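Undergrad: Have a look at this one before I ask anything.
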Amino acid sequence: MTLQKALQEELQKALASIIEDPSLIPDGFIIPVNTTKDLQFGDYQSNVAMMLGKRLKKNPREFAQQLVDALEDSPLASAEIAGPGFLNFRITEAAWRQQALNLAADSRCGVPLEENPKTIVVDFSGPNVAKPMHIGHIRSTIIGDSLSKIAGFLGHQVIRDNHIGDWGTQFGMIVYGWKHFLNTEDLEKDPLKELLRVYKKINDACKDDASIKELCKDELVKLQAGDAENLAIWERCVEVSKEGLQRIYDRLDINFDYWLGESAYNDELKPLVEQLCEAGIARESDGAVCVFSGETEKPKNDPFKINRDGEWLDFPFMVQKSDGGYGYATTDIATVLYRQKHFKPDEVWYVVDARQSDHFRQLFDVANRLEVSTELKHIAFGTILGDDRKPFKTRSGETPQLADVLQESVDRSAAVIEEKNPDLTAEEKEEIAEIVGIGAVKFAELSQNRASDYIFSWDKLLALQGDTAPYLQYSAVRVKSIFRKLAEKGGAYTAPESVILAAKEEIHLVRLLSQFGENLPNVLTDCRPNLLSTYLLELARAFHSFFEACPVLKDGIEAPVRDSRLLLCDTTAKTLEKGLSLLGIQIPNKM
Ligand code: ARG
């Protein structure tokens, strides 16, 4: 049990002993207990006396005093009143000792399982076949993976679905390009690169020559009509793209339960549009079919209205184009219905660029009108910027490819390792560079507030001293090396039955270790992996301070003290490892 929960329970008991009429407490009332921002006031605080005082017709300060009196013999914490009736709690040393032992023995590092687990579909990554899988997709891929891991660890049932863009108008160009520009040898070697080259080439050709654009359209019409040759090209193209994507996912150690791309819903689009029309949700408009406002909201909250020069205009959601084709919107409605039917999820999380927020607001509104009961959430993220604060570009002005970014990060790490640790074997260097390079890119994503844009900087990403993955990885390696040194000296560690916590650095380390189980569920409140990142940085810093102040293996350190400190080291190693693994970040053996 977390200390926060334990305190809540004690307060609950204290409350029951004071209040004569329990019906005065609102149903489902949860006693607020939070960690204090400033340790000088204690470890936890509660404003319960102020919240309930009025209801119970009690003066908050007197009420708080009654609670303090009732908690007087608590082995858990001492309580004090501050201001108009705040309660501050200081965890007792005995309770910290017990907590240290509990955490050391707990394989979940103190993280409780969710009491009401949900089924959650996480829709993330979703690159577009044959179009560039660019750096923008990195955010979705990495944030989506981490959220999936965290939700899974907390006990939710997570379904990871890669909604790839494997259908759509771009395939007219791709089929034409495939027929005229493809180099099959290069396709074998690096499918994504070759497809991208072909895509760019045909894209340019279309810009220069309107007749080629027409020819691409013809290929699209043929494909949509089920032409065998074009279908075969499309299929092959999707297949090699998936292989290429899988290589990137393997490198990132990310996997999916499903790859239900846009094309999976092709057969459902026509009946869906009919259903929408029959239900009066969509109607014909200038040859197209669109969903318009349900007129149930004020215009400023209505996803189907847009303000142009002070006037509110219709902003429809197009479900069928005037040429009869269907697009992203229609597929997404079909996807909502499919998931509802087959996965029966409680929630669906769309980890997608903030620039698509209008699309999702409209989609969710349509789902609502179709009486979909699943809670749909857009987990939006901002744009990655370059030093010039404009969307991140390569030197030649192109959007960087994900695979290239990963490789560059690994190469840069390799250079740092070469400089700092030339004596490692080539194999070791390579392995460490891979783990550090990939970890650094992931952490750069996961340590940002996802909603904001952020500036991509190699120096910041890879700094050993800073809020980076290499710093955390190095911290974990350092903790683990203590046990290696112990073994080298011929010693062995078995967890002691009691611990000694003398130094304030020891207590502070336990305090942080203990917060893991309180912080992790909060990450999902608003889907913010950066809360976990910040926590891990704080834990690492607490460890380094502890390690500086409290020698572990030095001569003259007695066995009980040593074992007690080793217990803290062991629990730190376990917690850092768990936390980093939830961010998808590995730890090398050496660094
Ligand atoms: N393929 C889309 C893109 O690259 C992302 C798909 C997100 N998922 C969804 N269900 N719309 O922008």
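The values are calculated or read from the model by the stated rules, or taken from the named source; none is laboratory data. Because the structure is a prediction, the values reported are computed rather than measured. FYI the Cβ positions are ideal-geometry reconstructions off the backbone, even for glycines, and counts take in every protein chain you see. Heads up: the accessible areas ignore ligands, DNA and RNA and are worked out on the full protein's heavy atoms, side chains in. Shrake-Rupley method; radii C 1.70, N 1.55, O 1.52, S 1.80 Å.
Undergrad: With an 8 Å cut-off on Cα pairs and a minimum separation of 6 or more residues, tell me the relative contact order of segment 503-586 in percent.
TA: Details: 53 pairs, mean separation 31.8, N = 84.
Worked out over segment 503-586, it gives 38 percent.
Undergrad: Can I ask one more? Please report the spacing between the Cα centers of segment 409-473 and segment 240-283 in Å, no decimals.
TA: 34 Å
Undergrad: Given 0.36 nm per residue, what is the gain on full extension from Leu24 to Leu553 after removing their alpha carbon distance, in nm?
TA: Stretched fully, the Leu24-Leu553 segment lengthens by 184.8 nm.
Undergrad: Rounded to the nearest 0.05, what FRET efficiency do Tyr258 and Arg236 give with R0 = 22 Å and r taken as the Cβ-Cβ distance? Could you check?
TA: Rounded to the nearest 0.05, the efficiency is 0.55.
Undergrad: Past the 29 Å Cα-Cα mark, which pairs from Lys300/Lys442; Lys13/Lys377; Lys149/Lys590; Lys193/Lys341?
TA: Correct reply: Lys300/Lys442; Lys13/Lys377; Lys193/Lys341.
Undergrad: Give me the net charge of Arg565's neighbourhood, meaning all other residues with Cβ under 12 Å from the Cβ of Arg565; Lys, Arg count +1, Asp, Glu -1.
TA: Working: positive: Lys554, Arg562; negative: Glu505, Glu506, Glu558, Asp563, Asp570.
Taking every other residue near Arg565 into account, the sum is -3.
Undergrad: May I ask you to list the residues of segment 320-336 whose amide nitrogen lies under 12 Å from a point 7 Å from Cα along the Cα→beta-carbon direction of Thr399?
TA: Output list for this probe position: empty.
Undergrad: Here's another thing I want to ask about it. In degrees from 0 to 90, rounded to the nearest 10, what is the angle of the helix 228-252 Cα long axis to the longest principal axis of the chain?
TA: 20 degrees
Undergrad: Quick check: pseudo-label points 7 Å beyond the Cα along Cα→Cβ at Glu62 and Arg247, how many nm apart are they?
TA: 7.7 nm
Undergrad: Further question on the same structure: Could I have the simple spin-label model distance between Lys54 and Arg355, label points 7 Å from Cα toward Cβ, reported in nm to one decimal?
TA: Once both label points are built, they end up 4.7 nm from each other.
Undergrad: So what's the angle, to the nearest 10 degrees on a 0 to 90 scale, between helix 529-549 and the longest Cα principal axis of the chain?
TA: That works out to roughly 40 degrees.
Undergrad: So how much slack lies between Lys504 and Lys213, counting 0.36 nm per residue of separation and subtracting their Cα-Cα distance, in nm?
TA: 97.6 nm
Undergrad: Under the rule of at least 5 residues apart or a separate chain, name every residue whose amide H is placed under 5 Å from the amide H of Phe381.
TA: Close amide H contacts, sequence-distant or interchain: Val352, Asp353, Ala354.
Undergrad: Starting from the 7 Å offset along Cα-to-Cβ, what nm value, one decimal, do you get for the label separation of Thr525 and His180?
TA: 5.7 nm
Undergrad: Helix 402-420 versus the longest principal axis of the chain: what is the Cα-based angle in degrees, 0 to 90, to the nearest 10?
TA: 40 degrees
Undergrad: Same structure, new question: Any idea which of Gly439, Ser396, Leu337 is furthest toward the positive side of the dipole for segment 321-474, if Lys and Arg beta-carbons carry +1 and Asp and Glu beta-carbons -1?
TA: Comparing the listed Cα positions along the dipole, Leu337 ranks first.
Undergrad: If you don't mind, there's one more thing I want to ask. For the pairs Lys242/Lys460; Lys5/Lys58; Lys201/Lys393; Lys189/Lys420, note any where the Cα-Cα span goes beyond 29 Å.
TA: Lys242/Lys460; Lys189/Lys420, as the Cα separations exceed 29 Å there.
Undergrad: For the chain, what does the helix formula give at 222 nm: sum of -39500 (n - 2.57) over DSSP H segments with n ≥ 4, over the residue count, nearest 500 deg cm²/dmol?
TA: Here the helix-only value at 222 nm equals -17500 deg cm²/dmol.
Undergrad: Tell me, how many Å apart are the Cα centres for segment 130-154 and for segment 156-176?
TA: Here the answer is 15 Å between Cα centres.
Undergrad: Roughly how far apart, in whole Å, are the Cα centres of segment 526-547 and segment 1-80?
TA: 28 Å
Undergrad: Ok, one more. Ranking request for peptides 285-295, 516-526: highest mean number of other beta-carbon atoms within 10 Å first, then the rest in descending order. Display every interim value, and only then the final one.
TA: Numbers: 285-295: 15.6, 516-526: 17.6.
Those peptides, ordered most packed to least, come out 516-526, 285-295.
Undergrad: Have a look at Pro112, Gly144, Ala94 and report the one farthest towards the positive end of the charge dipole of segment 80-148, computed about the Cα centre with Cβ charges (Lys/Arg +1, Asp/Glu -1).
TA: Projecting each Cα onto the dipole axis, the largest value belongs to Gly144.
Undergrad: Could you look at the chain and say what percent of its accessible area is carbon and sulfur, using a 1.4 Å probe and all protein chains?
TA: Within the chain, the accessible surface is 48 percent carbon and sulfur.
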